[in-house]
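The values are calculated or read from the model by the stated rules, or taken from the named source; none is laboratory data. On a predicted model such as this, the values are computed, not experimentally measured, just so you know. So basically every Cβ, Gly included, is an ideal-geometry build from the backbone, and we count neighbours across all protein chains shown. Please note that ligands, DNA and RNA were not included when accessible areas were found on the heavy atoms of the full protein model with its side chains. Shrake-Rupley method; radii C 1.70, N 1.55, O 1.52, S 1.80 Å.
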Amino acid sequence: MPLQSKFLSQLDAHSERLISLFKKRGGQIGKRLASIMAAMAEDDDVDLGRECIIKALCVYLNEDPENLVREYVAADEALIQGSIEETTVGIYAFKQREADIPDNIGIVLEGQVVLQELDNVALAAAMLFGLMFALNLDYPPELRYTFEVLQKIVMELEGGMIATVYYAIV
């Protein structure tokens, strides 16, 4: 099964369970999760829902979704280029205004834009995962748990040993 369709269909298959876990989480993390998931409740867009689930997964695993997806709103080109050059691994999304749909979504590896003009953040996450897996790149430490969940649970690859941090998700 192709990477894109497997990633997105498996993410959809796990969505209900993940949303249930996100709603049960309390404290500061629970508040951040509720804030992320609020965008999903306001709009029935499937792509936005997938994006919210990926970002919420980062938060649930005590990782910062900004390390995975950086949004730039009507920012200066020099600022954007500098930020991209400092990015080891990530997804960028350019918007004209905060409420807009991104004009351009792309992937950065080692400070270089390697894919651009992708349709949505979930597709970009699938492509980023595929690139990292195919190129045998180490997961960045600040997103280790997120990528391991995507690998072992969502993509069902090398799932032999699942760390205890993932048991609630399975």
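Odds and ends about this structure:
- Relative contact order %, the chain, counting alpha carbon pairs below 8 Å whose residues are six or more apart: 21
- Legend: residues L8, L33, sorted from most to least accessible area (1.4 Å probe; ligands, DNA and RNA excluded), read L8, L33.
- Kirkwood Rh (inverse of mean 1/r, distinct Cα pairs), the stretch 20-170, angstrom: 16.1
- Whole-Å semi-axes of the ellipsoid equivalent to the stretch 40-80 (Cα gyration tensor, √5λ, descending): 23, 16, 6
- Total lysine pairs under 27 Å (Cα atoms) in the chain, excluding pairs fewer than 8 apart on one chain: 13
- Gyration tensor (alpha-carbon) shape descriptor, the stretch 47-110, a/c threshold 1.5: oblate
- For the stretch 11-168, the share of DSSP beta bridges that are antiparallel, to the nearest 5, is 65%.
- Sorting 76-89, 49-62 by average packing, meaning the other beta carbons within 10 Å per residue, from highest down gives 49-62, 76-89.
- Only helical runs count toward this figure. For the chain, summing -39,500 (n - 2.57) over DSSP H runs of n ≥ 4 and dividing by all residues gives -15500 deg cm²/dmol at 222 nm.
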